[in-house]
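Trainee: The structure follows.
The values are calculated or read from the model by the stated rules, or taken from the named source; none is laboratory data. Bear in mind the structure is a predicted one, so any value in this text is a computation, not a measurement. Here the Cβ positions follow ideal geometry from the backbone for every residue, glycine too, while neighbour counts run over all protein chains shown. Quick note on the areas: whole protein, heavy atoms, side chains included, nothing else; ligands and nucleic acids left out. Shrake-Rupley method; radii C 1.70, N 1.55, O 1.52, S 1.80 Å.
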Amino acid sequence: MFPITGEKDCSKSSTKKVLLSVLLTYLTIFPLAGHTSVISQTFDDLTTGDITTVSLINYYKSTEKYTKYAPKDIEGIYHQHEWGQSVGLFYKSGKPRIGQTPVKTNFNVGYGYVFELDTSYPGDVHNWNAGEKIFKSKDCFWTGKEPGTGQYKCNESEGYGKLPVANIQFSWGSGSMKIGDGFYTVGLISTADHDDALLASYRGIMLKQNYQEYLFDGAFVTDFMAGNEDKMGDLRGNSNYYDINPLTYDNLYTARVRRKFGNDGGYQIAYGEAKDYLRRYHTDAWYTMGLAPQTSLFMKAQYYYNHEAGDLWQKELEKDLANFQSYASALSYEFQLDHDAWSLWYGFTKINAPLDSPDKNGSFSYGFGNAKGWLKLPTTGGYHGFRRDGTEAMVVGLSYDFRHLGLQDLELSYRYHWADSPIKGKNSGDIEYGSEYEHVIEAKYIPKSGMLKGLNFNFKQSFYRPDDTIAQLTSEDIPNKADKTTIKLIIGYSFNL
């Protein structure tokens, strides 16, 4: 990527140090001197049942939207797209036992490379750190001449290689612990959304333990690697193309307790805290009611609560990068009626995220700065989040799987999202109410067995349309200035050598 002023040196996060730490851990557990037979047995155990996996993912994403860029005299509705191919190689060793204990251990390591196949941006420039991008940005520049003005734009993008997994794992009974770098989805952190092609990676310790109907899991992490980054770096606050010097915080910890009642229902409670920055809470409960031999009703309610946790959040407020003043919440419930191959569902979400800012509305944020958070709201669209302060969002949807044609893993669905949302008027500064909606068409095919197991096909097209109030249109603006039409297509395949 390009250098960012004030960013810490990430040499401490080099691949060599990670692999060396894993090796030293093994030498500590299985000492060399005078234990030739132990070493031989350990080597046999490490290579027995080991797995090498190849992962191939082709990813395409496009957006059609209004663009204005004065330096290149670009203004109007333009199409932009990114198309890439990732190739990953992941190795998981066998599990030798540590002495006479019930604890087994193995190591995991993986490398991936993302190839840039094609890109197109209006005016041949794009915003740095604008959403989840596939490629690294390069040849970037600042457009403003005065402090507090301008944006960070980039002329080029490129492919890259990365080592997102390098950890040692300890396993016992129904529990496990990983130390090092890896894809950790526990507590209130995650490694990807369901339609992300590139996975984020964390450095730290992850724990999981099953006990009867309970699942306990959690993590303590100190570094983070986004999907389109090639190095493990600091945990950071918010940053975008208006501010490229993010603050950093030392660590993030999170924990969760989940209880299941057979296959019918359950509940969970989760907590996460970024030191001196942000706290997040989450609780939900769900239940499936059988109505007939082929008919059931799934019900779920959940609540998220975010709260500032120290002086770093106050600095975010001063830089106008914070999403809310001191707290934000999201209350949601959903119903899904399943009958044979059909599913019909409805969802509702209420957002509360006050922000004392004359320039923008507050909103509910789902992460811990750059670290990806866990958020599964039924009303989240294919493009728009519907998480503005005061929003009451709803969704209805219908899906069908092709089980009667022997393709039960093929599913087509349609969702209609809409919301009544307050927004600060651009000219008046007063709160005004408007409406916004989004159509989402999706096709998924993920075989769980047979010759095509390992295939992942996911196509999603979204049409986001706000009214004139939400779009903040004036009489001089074109009617569809705030409309967005997006496409995401993932075709992935993984197999073991």
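Trainee: Starting from the Cα of Val257, step 7 Å along the direction of its Cβ; do the same at Asn456; then give the gap between the two resulting points in nm.
Mentor: Each label point is offset 7 Å from its Cα along the Cβ direction, giving 3.2 nm.
Trainee: Given a cut-off of 37 Å, what percent of all Cα-Cα pairs of the chain lie beyond it?
Mentor: Above the 37 Å cut-off, the chain has 32 percent of its Cα pairs.
Trainee: Follow-up. For the stretch 352-484, report the convex hull volume of the alpha-carbon atoms normalised per residue, in Å³, without decimals.
Mentor: Once divided by residue count, the hull of the stretch 352-484 is 139 Å³.
Trainee: To the nearest Å, what is the center-to-center distance of the stretch 193-236 and the stretch 440-497, using C-alpha atoms only?
Mentor: First find each Cα centre; the distance between them is then 25 Å.
Trainee: Let me ask you something else. How large is the dipole of the chain about the Cα centre if only Lys and Arg carry +1 and Asp and Glu carry -1, each at its Cβ, rounded to the nearest 20 debye?
Mentor: The dipole magnitude comes to about 1620 debye.
Trainee: At 222 nm, what value in deg cm²/dmol follows for the chain if DSSP H runs of at least 4 each add -39500 (n - 2.57) and the sum is divided by all its residues, to the nearest 500?
Mentor: Helices in the chain give a 222 nm mean residue ellipticity of -2500 deg cm²/dmol.
Trainee: Still on this structure, I have one more. For Leu215, what accessible area in Å² do you get when you roll a 1.4 Å probe over the heavy atoms of the protein chains, rounding to the nearest 10?
Mentor: 30 Å²
Trainee: Under a plain spin-label model, where a point goes 7 Å from the Cα along Cα-to-Cβ, how far apart in nm are Lys426 and Leu56?
Mentor: Distance between label points: 4.7 nm.
Trainee: Same structure again: Using +1 at the Cβ of each Lys and Arg and -1 at the Cβ of each Asp and Glu in the chain, identify which of Gly173, Pro122, Ser201 lies farthest towards the dipole's positive end.
Mentor: Gly173
Trainee: How large is the direction-averaged shadow of the alpha-carbon convex hull of the stretch 127-252, in nm²?
Mentor: 9.3 nm²
Trainee: For the chain, give the percent of accessible area contributed by carbon and sulfur heavy atoms, probe 1.4 Å, rounded to a whole number.
Mentor: Carbon and sulfur: 56 percent of the exposed surface of the chain.
Trainee: Sticking with this one: In terms of the ratio Rg/(2.2 N^0.38 Å) built on C-alpha atoms, what value belongs to the stretch 386-437?
Mentor: 1.84
Trainee: If you consider only alpha-carbon coordinates, what radius of gyration and Dmax does the stretch 277-405 have, in Å?
Mentor: 17.9, 59
Trainee: Continuing with the same structure: Tell me the net charge near Pro422. Cut-off is 12 Å between Cβ atoms, Pro422 excluded, with +1 for each Lys or Arg and -1 for each Asp or Glu.
Mentor: For residues surrounding Pro422, the net value is -4.
Trainee: Report the calculated FRET efficiency for Thr143 and Asn240 (r = Cβ-Cβ distance, R0 = 22 Å), to the nearest 0.05.
Mentor: That gives a FRET efficiency of 0.95.
Trainee: Sticking with this structure for a sec: What's the extension gain from Thr283 to Val396 if we count 0.36 nm per residue and subtract their Cα-Cα distance?
Mentor: Going from the current span to full extension adds 38.4 nm.
Trainee: Roughly how many whole Å is it from the C-alpha centroid of the stretch 264-305 to that of the stretch 117-164?
Mentor: 37 Å
Trainee: What aspartates and glutamates sit close enough to Lys481 to cross-link, taking a C-alpha to C-alpha distance under 14 Å and skipping anything fewer than 8 places away on the same chain?
Mentor: Candidates past the 8-residue exclusion: Glu64, Glu75, Glu436, Asp467, Asp468.
Trainee: Under a 1.4 angstrom probe, counting protein chains only, how are Met299, Met225, Met451 ranked by accessible area, largest first?
Mentor: Putting Met299, Met225, Met451 in descending order of accessible area: Met451, Met299, Met225.
Trainee: Report the calculated FRET efficiency for Leu291 and Lys376 (r = Cβ-Cβ distance, R0 = 22 Å), to the nearest 0.05.
Mentor: 0.35
Trainee: Which lysines, on any chain, are close to Lys315 with Cα under 23 Å apart, when same-chain ones fewer than 8 places away are left out?
Mentor: Those lysines meeting the cut-off are Lys8, Lys275, Lys360, Lys372.
Trainee: Within straight cross-link reach of Lys136, meaning Cα distance under 17 Å, which lysines are found once same-chain residues fewer than 8 apart are removed?
Mentor: Within reach: Lys61, Lys153, Lys162, Lys231.
Trainee: Work out the FRET efficiency for Val103 and Leu407 from their Cβ-Cβ distance, taking R0 = 45 Å, and round it to the nearest 0.05.
Mentor: Result of the calculation: an efficiency of 0.55.
Trainee: Compute the accessible area per residue over the chain, keeping the other protein chains in place, probe 1.4 Å, unit Å².
Mentor: Heavy-atom accessible area per residue stands at 49 Å².
Trainee: Step by step: find N for the stretch 311-355, compute 2.2 N^0.38 Å, then divide the Cα radius of gyration by it. What's the final number?
Mentor: Taking N as the residue count of the stretch 311-355, the ratio is 1.93.
Trainee: List the DSSP H helices in the chain whose Cα atoms stretch 18 Å or more along the helix axis and whose mean Kyte-Doolittle hydropathy is at least 0.5.
Mentor: Passing helices, by number: 15-29.
Trainee: Taking only the alpha-carbon atoms of the stretch 121-182, what semi-axes of the equivalent ellipsoid follow from 5 times the gyration tensor eigenvalues under a square root, in whole Å, largest first?
Mentor: 41, 14, 10
Trainee: Lys and Arg at +1, Asp and Glu at -1: add these up for the other residues within a Cβ distance under 13 Å of Gln212 and post the number.
Mentor: +2
Trainee: I would also like to ask the following. Order the following by accessible area, largest value first: His384, His404, His282. Probe radius 1.4 Å; ligands, DNA and RNA are ignored.
Mentor: Result of the area sort, largest leading: His404, His384, His282.
Trainee: Determine the order of Tyr121, Tyr271, Tyr304 by accessible area, beginning with the largest, at a probe radius of 1.4 Å.
Mentor: Order by accessible area, largest first: Tyr271, Tyr121, Tyr304.
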